[in-house]
1. Compute the distribution of all C-alpha to C-alpha distances in the range 6-176, in bins of 10 Å from 0, and list the percent of pairs in each, rounded to whole numbers.
2. Compute the FRET efficiency between residue 136 and residue 115 as 1/(1 + (r/R0)^6), taking r as their Cβ-Cβ distance and R0 = 22 Å, and round to the nearest 0.05.
3. Defining a contact as two alpha carbons under 8 Å apart and six or more residues distant in sequence, what relative contact order in percent does the chain show?
4. Got a sec? How would 163, 92 order by Cβ neighbour count within 10 Å, fewest to most?
5. For the range 23-98, just say rounded, prolate or oblate: build the C-alpha gyration tensor, square-root its eigenvalues into a ≥ b ≥ c, call rounded for a/c under 1.5, and beyond that prolate if a/b exceeds b/c, oblate if not.
6. With a sphere of radius 14 Å drawn around the Cβ of residue 81, what net charge do the other residues whose Cβ falls strictly inside it have (Lys, Arg +1; Asp, Glu -1)?
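What follows draws every value from the coordinates through simple rules; no lab data is involved. Source: prediction; values computed, not measured. Quick reminder, even Gly has a Cβ in these numbers, built from the backbone with ideal geometry, and neighbours come from all protein chains shown.
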Amino acid sequence: MYAPVPALNLLKEFEDSVDDYFAPGFELIPFGEDDGGYPRLSDRIRPFAQATGSGSTYAIWLRDERTDLATLPVLLLGDEGGVHVVARDLPELLRILASGWEPMCGWDHLDYFDEREEEDGDDGNGPCPENPAFRAWLRDRFGLEAAEDPNEIARSAGEELREPFAAWIRPLVPDAVGGHGTA
């Protein structure tokens, strides 16, 4: 078992079954064994994946005592700074990943961009040849479709969780409170 989260165990099985990336820069890491570069947050986050090739990390935010970790919010811990709410729960993050868009963040911003639009002569899969297989897997396993614009999910989650996120993170990482996706 990879993680105490059934959806992440299924994702690990999928990741192990493909030979290439299915989402830009995304790769599962040992569940909860890292602090994502933010040791002050380590008691309330469970990092589970590299979010970008440069070292940003996705982590489950242990916002409350829920035992179903898949229902808790997902954070993006930026490798160059910034901690942002990107999804209300794991299914929303899976929809973001299926979009094939890549995150970029700093202390005051979070944006997903579509790399596929920037590559001339591209086959539509960008740097992720396994994205169509991931989309089919997501549809078959969870009945979910890829997000058309992952920024909409990230903005909505950030706005909805703005106050509890700011109350939690402000004393730990004051610089994290500011940009979109945060409070």
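1. Calculated over all Cα pairs of the range 6-176, the distribution is 10, 42, 36, 11, 1 percent.
2. Rounded to the nearest 0.05, the efficiency is 0.60.
3. RCO, the chain: 20 percent.
4. Result, fewest neighbours first: 163, 92.
5. Oblate shape, in that a/c is at least 1.5 and b/c is the bigger or equal ratio.
6. Summing Lys/Arg as +1 and Asp/Glu as -1 gives -3.
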